[in-house]
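The values are calculated or read from the model by the stated rules, or taken from the named source; none is laboratory data. This one's a predicted model, so the numbers in the text were calculated from it and none came from an experiment. All Cβ positions, even for glycine, are placed from backbone atoms using ideal geometry, and neighbour counts span all protein chains on display. Accessible surface areas use protein heavy atoms only, side chains included; no ligands, DNA or RNA. Shrake-Rupley method; radii C 1.70, N 1.55, O 1.52, S 1.80 Å.
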Amino acid sequence: MCSGKCAKCLGITLIPLAILSVLANILLFFPAGKVAEKNDHITTEVFYLGGLLGSGVLMIFPALVFLGMKNNDCCGCCGNESCGKRFAMFSSILFAAVGFVGAGYNFIISAVAINKGPICFTGNTNEIDGWEYAFSNGDYLKNHTLWKECKIYSFNEKEFNTEVIITWNLTLFSILLILGLVQAVLCAIQAINGLIGTICGDCKCCGCCDSNDGPV
């Protein structure tokens, strides 16, 4: 496959992944689908914006660059053969690195959040408002009986079982973890693809370029 076409395919794939990451991060601001009474009732890692910034905003830039690879002029440097395309492919490596860092950031934040577990209402009078991190070192992942540590909490004259927050956070952070991993792999692929395109040029730029007529 031509390096330009490959980059475009990767860009098309990254866009929906970035949108999903943003949506997942936003949903995490609403524990169990509820509006939090206080910010202290929201898991700290949510505020690090791994999905919103790392796999979201930062991923948009490389995705748009990859999408534009197919349209770059093969003879963009004064009619020199493949010069424009080679430079474009080289620049895509830099943007792929930016995307890889963003995806990696999201992956790490999500992994930490999953291992740490969410903050929920335990009723512990030693903690502020009875909200605390009830788990540690991922112990709740194997032992579901620990989920009972999260109690029913009264909020706005309504009650909801904060045990649901565990499933809510675990599901969304797992989605972010997977999305970050996939994005990192795609950016790594483009880095390799960009390197090949820089060295070898694109398959549609293999002919001779004329400054007036373009590629032959």
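Each row is one residue, and each column tells you yes or no for (1) at pLDDT 95 or above; (2) open to solvent by less than 60 Å² (accessible area, probe 1.4 Å).
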position	(1), (2)
14	yes, yes
18	yes, yes
23	yes, no
27	yes, no
31	no, yes
37	no, no
48	yes, no
Can you give me the number of residues within the range 37-60 that are touching a strand residue (DSSP E or B) at 6+ places or on another chain (Cβ under 9 Å) and assigned to a loop (DSSP other than H, G, I, E, B)?
4
Check on residue 121, farther than 30 Å from residue 200 by Cβ and of a type in the set (Phe, Trp, Tyr)
yes
Only residues that are among the small types (Gly, Ala, Ser) and touching a residue at least 12 places away in the same chain (Cβ under 8 Å): list them for the range 143-196, please.
174, 180, 184, 188, 191, 194
With respect to the numbered conditions (1) open to solvent by less than 20 Å² (accessible area, probe 1.4 Å); (2) at pLDDT 95 or above; (3) among the β-branched types (Val, Ile, Thr), which one is the sole condition not fulfilled by residue 114?
(1)
Of all strands (runs of 3 or more DSSP E) completely enclosed by the range 131-211, which ones contain at least 2 residues that are modelled with pLDDT under 95 and open to solvent by 70 Å² or more (accessible area, probe 1.4 Å)?
152-155, 158-161
